[in-house]
1. Out of region 70-93, which residues are crowded, with 18+ Cβ neighbours inside 10 Å, within 16 Å of the ligand (Cβ to nearest atom) and closer than 17 Å to Ile177 by Cβ?
2. Name the residue that is nearest to the ligand (Cβ to nearest atom), counting only residues in region 57-69 that are farther than 16 Å from Lys203 by Cα and open to solvent by 10 Å² or more (accessible area, probe 1.4 Å).
3. Could you identify the single residue in Val86, Val75, Val116 that is farther than 13 Å from Asp157 by Cβ and modelled with pLDDT of 95 or more?
4. Can you tell me which residue is farthest from the ligand (Cβ to nearest atom) among those in region 46-55 that are within 16 Å of Ala194 (Cβ to Cβ) and open to solvent by 10 Å² or more (accessible area, probe 1.4 Å)?
5. Between Gly172, Gly163, Gly192, which is over 16 Å from Val292 (Cβ atoms), within 18 Å of the chain's Cα centre (by Cα), assigned to a loop (DSSP other than H, G, I, E, B) and within 16 Å of the ligand (Cβ to nearest atom)?
6. Taking helices (runs of 4 or more DSSP H) that fall entirely within region 202-294, which contain at least 1 residues that are at pLDDT 95 or above, more than 19 Å from the chain's Cα centre (by Cα) and within 19 Å of Pro103 (Cα to Cα)?
7. Using the structure shown, decide if Ala179 is in contact with a Gly (Cβ under 7 Å, 6 or more places away or on another chain), within 15 Å of the ligand (Cβ to nearest atom) and not in a helix (DSSP H, G or I).
8. Among the residues of region 192-214, is any within 17 Å of Tyr8 (Cα to Cα) and surrounded by fewer than 16 Cβ atoms within 10 Å (Cβ to Cβ)?
Amino acid sequence: MLDLRRQYAPLHQELLQALGHVLETQQFILGEPVSTFEVAAALHLGVSHAIGCASGTDALWLALASAEIGPGAAVITTPFSFFASVSSILRAGARPLLADIDPATFNLDPAAVQAVLAGPDGNAVRAILPVHLYGQPANMGRLSSIAKTRSLTLIEDAAQAFGAISGREAAGALGDIAAFSFYPTKNLSAAGDAGMVTTSSPKLAERARMLRQHGMRRRYHHDELGWNARMDGFQGAILEVKLNYIDRWNDARRAIASRYDNLFRGAGVAEAGPYPMRGIVLPHEVPGTRHVWHQYVIRAKRRDELRAFLAKRGIGSEIYYPVPLHLQEALSSLGYQEGDFPEAERAAREVLALPIFPELREDEQQTVVDAIADFLS
Ligand SMILES: Cc1ncc(COP(=O)(O)O)c(C=O)c1O
């Protein structure tokens, strides 16, 4: 599914040198290795501020807390994402309200967001938190205009989308504030846990910096209840090296996605969608956006059988995500039931992520496509 050693091999020397510098300067927490990365990342994404932190989950919490989304506030997000998209809202003391996804992109459906806003809890909503799932930007044009009309904060969960673009702006610069994850499997990855908040608002940036260090503006003077959400120097140093390669890696992912597309079409197994009938439905890039293909996710009717068939041939695949968030045991107190978000529930039954990473070889892709074509025949 993913072989990170292939990324490491050519970077080996450069990474060791960067880690050596951290050891020599002994700046293990925040400090110069992190601030240098923050400056480079902000420039890369076209935002005024980047704030390195300990994980993507912390970045989401910091984004919410910086925007003063807490008790009494509700936040609209998607039921089809990683758990942290919702748990961070609860951790901030706010209430998640879910809205269903668009079956063609798996991203938050703006019409469903509007329906929640028009519903009984609409007046409590203070923020919208779209996720750029699999590396494809959510429909930010429509979500921004909804947010503007209702004076809501727009918080991007860009954990899977470093380098993605919508219109002329990068993910991370499309809302008021954004959260990235550098978990090792992400398209820009650390050697452990790490995350980042981005914003062009000086006020939000200043609050995020303060909150990631136990609410301190002055050493040992705590203005607010923050948390330890700091980034390690080693992670900053690694990320600064890898940032120089991210455009190349994203281009390679895009080439692989387009090759999958051609191979599947050539094999005659691709269906129009959005739902599979007998073959598979391929993912696509929404016009006007730049997808970074953090994942290449097909829809298949007999998904679990297909996955087992691939596993027998030694082909890795993954299900992101098998249980939508409204049906997670830990979130049962939100009061949702099966049937509440039919698109998310259907996606959870049909999605299958295939191997995609910059170093994936053409012959390996061909093997994946041949195996799926064999299964379907
Ligand atoms: C969409 C999404 N949001 C949030 C996170 C949380 O990031 P982390 O694992 O770095 O805490 C992840 C990654 O796992 C993610 O994929």
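1. Of all residues in region 70-93, those crowded, with 18+ Cβ neighbours inside 10 Å come to 73-82, 84-89, 92.
Cutting the leftovers down to within 16 Å of the ligand (Cβ to nearest atom) gives us 75-82, 84-89, 92.
Result: Val75, Ile76, Thr77, Ala84, Ser85, Ser88, Ile89, Ala92.
2. Only one residue tops the list, namely Thr57.
3. Val116
4. Pass one, region 46-55, residues within 16 Å of Ala194 (Cβ to Cβ): 50-55.
Still in the running and open to solvent by 10 Å² or more (accessible area, probe 1.4 Å): 54-55.
Working: Ala54: 8, Ser55: 4 Å.
Checking each candidate, the answer is Ala54.
5. On the way: Gly172 fails: over 16 Å from Val292 (Cβ atoms); Gly163 fails: over 16 Å from Val292 (Cβ atoms).
Within the list Gly172, Gly163, Gly192, the selection yields Gly192.
6. Numbers: elements: 202-211, 233-243, 246-266.
Per the criteria, 246-266.
7. yes
8. Yes, the conditions are met somewhere in region 192-214.
The values are calculated or read from the model by the stated rules, or taken from the named source; none is laboratory data. Every value quoted in this text rests on a predicted model; they were computed, and no experiment measured them. In this analysis, Cβ positions are derived from the backbone assuming ideal geometry, glycine residues included, and neighbour counts consider all displayed protein chains. Surface areas here come from the heavy atoms of the whole protein model, side chains and all, with no ligands, DNA or RNA. Shrake-Rupley method; radii C 1.70, N 1.55, O 1.52, S 1.80 Å.
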